[in-house]
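All remarks here apply to the structure that follows.
The values are calculated or read from the model by the stated rules, or taken from the named source; none is laboratory data. Note that the structure is a prediction, hence the values are computed from the model and not measured. Here the Cβ positions follow ideal geometry from the backbone for every residue, glycine too, while neighbour counts run over all protein chains shown. In case anyone asks, the SASA skips ligands and DNA or RNA and just uses the protein heavy atoms, side chains included. Shrake-Rupley method; radii C 1.70, N 1.55, O 1.52, S 1.80 Å.
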Amino acid sequence: MRVRQGDVRDWPFMYALSKIGIIDSISPWRKQPTEETLNYREAMLKGFWTWIQQSGSIVFIAEVPIEEGKSNLETERKQPIGYLVLHASAREEITGLNQGWIMDLGVLAEWRGKGAGRLLLEAAEEYCREHRVPYLGLAVTSHNVRALHLYEKFGFAEERKLMVKLLD
């Protein structure tokens, strides 16, 4: 398993995985049919690659070799299994301090818990260090326990709470 910088050729994979992965991030507080949420997500994704390019964001792709006999590292085919979108020039909303912000992260279900998320986070962290970005932030739905554990294990700490109240 390795991580490389992504490009527009990775967009179909990212688009498909993002539509599948959103299910894990839907808050139980939001009372809306899943289909409506998926339609909203799909509409938002239509401009996401353009935003990635215009904002100077970086895409990292986790991939594994597709085993087809013996081949060298230069010619072997690889299968993407996850991605991370890093906006490395974000500003923290209260202090204005420069920070990296993980806009989106997804790993194929069958590869979760096998190190892909950790490798993607390491790539984002290394990029920020190399570019002297002092902080790295992200947002995660509080009920997405698997993601919370990964982020906490990786050293992320809760800084704020986003709260919601369902009004009748």
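Regarding residue 38, is this residue within 19 Å of residue 137 (Cβ to Cβ) and not basic (Lys, Arg)? Lay out the reasoning, then the answer.
Values: within 19 Å of residue 137 (Cβ to Cβ): no; not basic (Lys, Arg): yes.
Taking the combined requirement at face value, the residue does not satisfy it.
To keep it simple, each residue is scored yes or no on (1) under 30 Å from residue 155 (Cβ atoms); (2) of a type outside the set (Asp, Glu).
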| residue | (1), (2) |
| --- | --- |
| 17 | yes, yes |
| 29 | yes, yes |
| 32 | no, yes |
| 42 | no, no |
| 55 | yes, yes |
| 59 | yes, yes |
| 81 | yes, yes |
| 113 | yes, yes |
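Pairs under 7 Å by beta carbon, first residue free of Cβ contacts under 8 Å to residues at least 60 places away in the same chain and under 15 Å from residue 5 (Cβ atoms) in the stretch 50-61, partner assigned to a strand (DSSP E or B) and open to solvent by 20 Å² or more (accessible area, probe 1.4 Å), six or more apart or different chains?
Between residues of the stretch 50-61 that are free of Cβ contacts under 8 Å to residues at least 60 places away in the same chain and under 15 Å from residue 5 (Cβ atoms) and residues that are assigned to a strand (DSSP E or B) and open to solvent by 20 Å² or more (accessible area, probe 1.4 Å), the close pairs are 56/89; 57/87; 57/103; 59/5; 61/3; 61/4; 61/80.
What single numbered condition from (1) loosely packed, with under 15 Cβ neighbours inside 10 Å; (2) closer than 20 Å to residue 144 by Cβ; (3) among the β-branched types (Val, Ile, Thr) fails to hold for residue 26?
The failed condition is (1).
Please indicate, with yes or no, whether at least one residue in the stretch 55-73 is open to solvent by 80 Å² or more (accessible area, probe 1.4 Å) and of a type in the set (A, V, I, L, M, F, W, C).
yes
Given the conditions (1) within 25 Å of residue 56 (Cα to Cα); (2) at pLDDT below 95, and given that residue 142 satisfies all but one, which numbered condition is not satisfied?
(1)
Which one of these does residue 146 not meet: (1) under 24 Å from residue 26 (Cβ atoms); (2) in a loop (DSSP other than H, G, I, E, B)?
Of (1) under 24 Å from residue 26 (Cβ atoms); (2) in a loop (DSSP other than H, G, I, E, B), only one is false for residue 146: (2).
Which residue is most open to solvent (accessible area, probe 1.4 Å), if the candidates are limited to the stretch 103-121 and must be in contact with a Phe, Trp or Tyr (Cβ under 8 Å, 6 or more places away or on another chain) and in a helix (DSSP H, G or I)?
The qualifying residue most open to solvent (accessible area, probe 1.4 Å) is 118.
For residues in the stretch 149-164 being closer than 20 Å to residue 115 by Cβ and more than 13 Å from the chain's Cα centre (by Cα), which is surrounded by the most Cβ atoms within 10 Å (Cβ to Cβ)?
156
Mind checking which pairs have a first residue in the stretch 105-118 that is under 12 Å from residue 21 (Cα atoms) and a second that is part of a helix (DSSP H, G or I) and among the polar types (S, T, N, Q), Cβ under 9 Å, 6 or more apart or different chains?
Partner pairs satisfying both residue conditions: 106/18.
Could you list all residues from the stretch 74-102 that are assigned to a strand (DSSP E or B), open to solvent by 20 Å² or more (accessible area, probe 1.4 Å) and of a type in the set (Ser, Thr, Tyr)?
Scanning the stretch 74-102 gives a single hit, 89.
Restricting attention to the stretch 4-15, does a residue exist that is in a strand (DSSP E or B) and in contact (Cβ under 8 Å) with a residue 24 or more places away in the chain?
yes
If you check residue 146 against the conditions, is it over 24 Å from residue 48 (Cα atoms), open to solvent by 60 Å² or more (accessible area, probe 1.4 Å) and in contact (Cβ under 8 Å) with a residue 24 or more places away in the chain?
Judged against the criteria, residue 146 is a match.
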